[in-house]
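Laboratory data are not the source of any read-out in this text; all were calculated from the coordinates shown. Only a predicted model underlies this, so the values are computations on that prediction, with no experimental measurement involved. Don't worry about glycine lacking a Cβ; one is built from the backbone with ideal geometry, like all the others, and counts go over all protein chains shown.
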Amino acid sequence: MQPLWAPWRMEYILEAKEQAQPVCIFCTLPRAQADRENLILWRGRRTFLMLNKFPYNPGHLMVAPYTHTADLDHLAPDELTDLMLNVRWAVRCLGRAMNPDGYNIGMNLGRTAGAGIPDHLHYHVVPRWDGDHNFMPVIAETKVIPQHLQRTYDQLAPLFWEEQQMGRP
């Protein structure tokens with residue numbers, strides 16, 4: 001048996017334990033004004049898009065409102081509309097950049113439903129390719145991500161700005 005090194009997983013494992021008080025990345029990272037470092041691909045008036053730091057696949061991104069809430073009823077209608085329009089936009093840009101065969105799109109509301117950050121709702125958009133499943137997650141509980149996160153950012157960010165210049169989302 002050959003070992004598979006996934007040193008980036010330790011950052012994820014330790015990060016969860018080191019935080020005495022939970023930090024909402026959807027509130028703090030946009031305030032930092034360091035988009036590439038914080039993986040923020042695009043900022044709108046009501047919502048923003050960012051890559052997931054611990055992705056299921058290359059291009060796994062999240063669409064979140066600036067409003068800190070876990071309850072859909074606490075969002076204004078224009079925020080709800082903006083969320084869905086930007087999910088559509090994310091799919092369009094991911095399609096252009098990465099040519100996936102499909103997508104998983106969803107929102108986990110509440111910790112029990114699988115939300116890693118349960119206090120700030122957000123959509124996940126995960127590009128999928130035929131054959132991206134293999135034995136690693138089943139046997140070794142390890143997911144092989146074949147592209148570096150900064151490379152994915154550099155591949156996607158220009159498309160969001162290009163689309164915006166064309167009057168989209």
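When the trypsin sites (Lys or Arg not before Pro) in the stretch 20-94 are filtered for DSSP coil states and for at most 10 other beta-carbon atoms within 10 Å of their beta-carbon, the remaining sites are Arg45.
Sorting Trp161, Trp42 from the fewest to the most surrounding beta carbons within 10 angstrom yields Trp161, Trp42. Can you give the local net charge around Asp71? Use residues other than it whose beta-carbon is closer than 13 angstrom to its beta-carbon, Lys and Arg +1, Asp and Glu -1. So the surrounding residues net to -3.
Length gained on full extension, Arg168 to Arg92, computed as 0.36 nm times the residue gap minus the Cα-Cα distance: 26.3 nm.
Applied to the stretch 72-81, the Karplus parametrisation 6.51 cos²θ - 1.76 cosθ + 1.60 on θ = phi - 60° returns per-residue 3J(HN,Hα) values of 4, 5, 8, 9, 6, x, 5, 5, 4, 4 Hz, with x for Gly and Pro.
As a proxy for reagent exposure, Val125, Val91, Val23 were ordered by neighbouring Cβ count within 10 angstrom, fewest first; the result is Val23, Val91, Val125.
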